[in-house]
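Following: one structure in structure tokens, then a few remarks.
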Amino acid sequence: MRLLLLLALFTISLAPSVRAADTPSAPTAPKPSTYLIVLRLPPRLHADTAWTDADKAAVGAHFQRLKAATDAGQVILAGRTPEAGDKTMGLVVFTATDEAAARAFMQADPCIAAGVMLGELRPFSLALLRK
């Protein structure tokens, strides 16, 4: 009888650890990857005089979207070169869960959607970042 009681107590004491081991843990979110968008102007916008009000409005929406994504922690850096239209380019370094999400982020950019900028998506490895 005493042996049965000890066996029962031992089994009861193991039950929580067995249950914890059998319970699947909550899935962890995948670590976001870093991507680079290289932005260039289409040939139709190489001359400053070719820009329409709609083109300029798209750039304003593009900037506001990047600012919001920076504030939210998705965009690491964004900027452009101050060169003539045919040489200028912009860069956006940002994080996304996968390439499909990165491509969706790029294609939703107001300038890309409006044809004001052409975007090229690349995976990117950030090696150094000034603090």
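The values are calculated or read from the model by the stated rules, or taken from the named source; none is laboratory data. As the structure is a prediction and not an experimental result, all values here were calculated from the model. Cβ sites come from the backbone with ideal geometry, for glycine too, and all protein chains shown count toward neighbours.
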Legend entry - Pick from the stretch 105-131, criterion under 11 Å from Y35 (Cβ atoms) and among the aliphatic types (A, V, I, L, M), ranking: modelled with the lowest pLDDT: L126
Inset, instruction - Might you let me know whether the stretch 67-76 holds any residue that is of a type in the set (A, V, I, L, M), within 14 Å of F124 (Cβ to Cβ) and free of Cβ contacts under 8 Å to residues at least 60 places away in the same chain? - result: yes
Inset, instruction - Looking only at the stretch 29-47, decide whether some residue is of a type in the set (G, A, S) and either under 17 Å from P110 (Cβ atoms) or in contact with a strand residue (DSSP E or B) (Cβ under 9 Å, 6 or more places away or on another chain) (or both). - result: yes
Inset, instruction - Hey, can you tell me all the residues within the stretch 88-100 that are touching a strand residue (DSSP E or B) at 6+ places or on another chain (Cβ under 9 Å) and either more than 25 Å from S33 (Cα to Cα) or without any contact (Cβ under 8 Å) to a residue 40 or more places away in the chain (or both)? - result: T88
Inset, instruction - Restrict the check to the stretch 58-80 and report whether at least one residue is touching a strand residue (DSSP E or B) at 6+ places or on another chain (Cβ under 6 Å), modelled with pLDDT under 95 and not basic (K, R). - result: no
Legend entry - Subset of the stretch 65-76 that is aliphatic (A, V, I, L, M) and surrounded by 13 or more Cβ atoms within 10 Å (Cβ to Cβ) - its residue that is nearest to R40 (Cα to Cα): L66
Inset, instruction - Quickly run through the stretch 77-98 and pick out the residues that are in contact with a Ser or Thr (Cβ under 6 Å, 6 or more places away or on another chain), surrounded by 11 or more Cβ atoms within 10 Å (Cβ to Cβ) and in a loop (DSSP other than H, G, I, E, B). - result: T88
Legend entry - Scope the stretch 108-131; condition surrounded by 12 or more Cβ atoms within 10 Å (Cβ to Cβ) and closer than 17 Å to Q64 by Cα; matching residues: D109, P110, C111, I112, A113, A114, V116, M117
